[in-house]
Amino acid sequence: MKRVQYDRYGGPERMYIGKANLPQLGAKQIRVTVSAAAINPFDWKLRKGVMKLFRSRKFPKGMGTDFAGVIAAVGRDVKGLFVGDEVFGSVDFNESGAFAEEIILDSHLVAKKPARLSFEEAACLPIPVMTAWAAVFDKAKMSKGSHLFIHGCTGAVGASAVQLALARGIKVSGSCGTASLQSAKAAGVDPVFTYGDKQLQAQNGKFDAVFDTLGTLSVGAGLSMLNRKGIFVDINPTPGRMVRGMLARRYKLAFATMGIKHLSAIADLASEGVLRPTVGLVVPFTDALSAITAAETGARVPGKVVLAL
Ligand SMILES: NC(=O)c1ccc[n+]([C@@H]2O[C@H](COP(=O)([O-])OP(=O)(O)OC[C@H]3O[C@@H](n4cnc5c(N)ncnc54)[C@H](OP(=O)(O)O)[C@@H]3O)[C@@H](O)[C@H]2O)c1
């Protein structure tokens with residue numbers, strides 16, 4: 001079985017397409033033949049070693065997290081999933097390895113693929129939408145009538161947060177780069193500002209929550225945009241911000257893994273057309289290394305880059 005893997009933490013030069021044997025299928029696990037796998041910033045951050053304290057020391061490690069594919073085998077204790085089912089999901093960050101022909105993972109890490117989505121589209125959902133869900137609903141506790149500001153409202157996480165929030169009757173304002181203004185407006189963000197727009201200061205004290213998807217808004221600036229009970233949610237923690245996230249009442253950190261329990265609800269929302277992932281570029285698996293390197297070094301595509309297997 002071929003996969004993208006690496007023998008040491010480091011830059012793009014550490015990746016190669018190599019062969020790996022799948023472990024034995026556990027009782028609560030499934031084996032999936034991967035059809036498509038989406039590239040997320042999380043994938044190269046893991047390869048660089050940002051989570052190495054929390055991961056096993058075993059190498060080589062497979063790369064890739066979000067995927068869609070077809071179940072090829074089910075463990076004896078798996079309920080509700082069968083060989084031939086089309087699923088999408090997210091591999092546990094300690095295992096990783098979705099940029100591969102086949103994967104084995106725990107059955108609770110997948111949901112049935114919405115029929116209206118292609119494998120490529122479904123592979124774009126897990127990390128971005130789970131993160132947006134954790135931030136907007138679990139941490140910021142937004143509900144109908146709340147007013148949310150999303151800093152970086154057009155990236156994969158930002159666009160997912162916009163779609164989730166608007167569908168629940170939450171008012172969404174936000175910021176983005178000049179090139180993304182039109183797509184933000186078309187998505188329903190109102191008003192939308194470019195980064196650093198002086199008029200943003202007039203919005204101080206207005207919001208029930210500020211969600212910074214990029215990690216570029218200072219905590220002070222974010223807090224000043226909030227009303228008295230507002231919450232600032234961050235998804236790009238530094239060590240200092242991790243500590244702050246544990247101690248501060250109005251500053252919260254959100255992580256993709258917090259949303260795994262909502263994967264079936266996410267599938268339902270995609271089936272209803274509420275969640276509309278944008279595939280920017282589909283790349284054959286043989287070109288995986290150059291596609292990951294390009295995404296990592298800042299090549300911009302309108303939407304997500306997906307590997308097709
Ligand atoms: N805590 C967690 O569990 C978690 C989970 C997921 C992501 N993250 C982190 O959150 C950050 C955002 O992740 P993401 O997946 O949303 O990244 P992304 O899709 O690359 O978007 C990030 C930003 O890049 C710009 N951009 C992306 N594609 C573009 C395009 N085609 N044209 C123009 N601009 C484009 C957008 O900003 P502008 O257009 O406004 O410049 C966008 O807001 C990353 O640092 C990631 O590591 C954390």
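Observations, loosely collected:
- If you plug the beta carbon distance of M51 and D77 into 1/(1 + (r/R0)^6) with R0 = 30 Å, you get a FRET efficiency near 0.55.
- Of T178, S146, P239, farthest towards positive along the dipole that unit charges on Lys, Arg, Asp, Glu beta carbons give the range 127-258: S146
- Cα gyration tensor, the range 127-258 - rounded (a/c under 1.5), prolate or oblate: rounded
- Across the alpha-carbon atoms of the chain, the computed radius of gyration and Dmax are 19.3, 60 angstrom.
- Protection proxy ranking of 174-185, 246-257 - average other beta-carbon atoms within 10 Å, highest first: 174-185, 246-257
- Charge tally around V157: other residues with Cβ under 12 Å, Lys/Arg +1 each, Asp/Glu -1 each, net -1.
- Computed FRET value (nearest 0.05) for Y9 with K261, which takes r as the C-beta separation and R₀ as 30 Å: 0.50
- Think of the range 35-91 as a dipole: +1 on every Lys or Arg Cβ, -1 on every Asp or Glu Cβ, centred on the Cα centre; then among L46, V70, V87, L46 lies furthest on the positive end.
- Only lysines eight or more places from K58 in sequence, or on another chain, were considered; those with a Cα closer than 21 Å are K2, K19, K45, K48.
Quick note: the coordinates plus some simple rules give every number you see, no bench work behind them. Being a predicted model, the structure only gives us computed values, none of them experimental. When we count neighbours, we look across all protein chains shown, and the Cβ atoms used for this are built from the backbone with ideal geometry, even at glycine.
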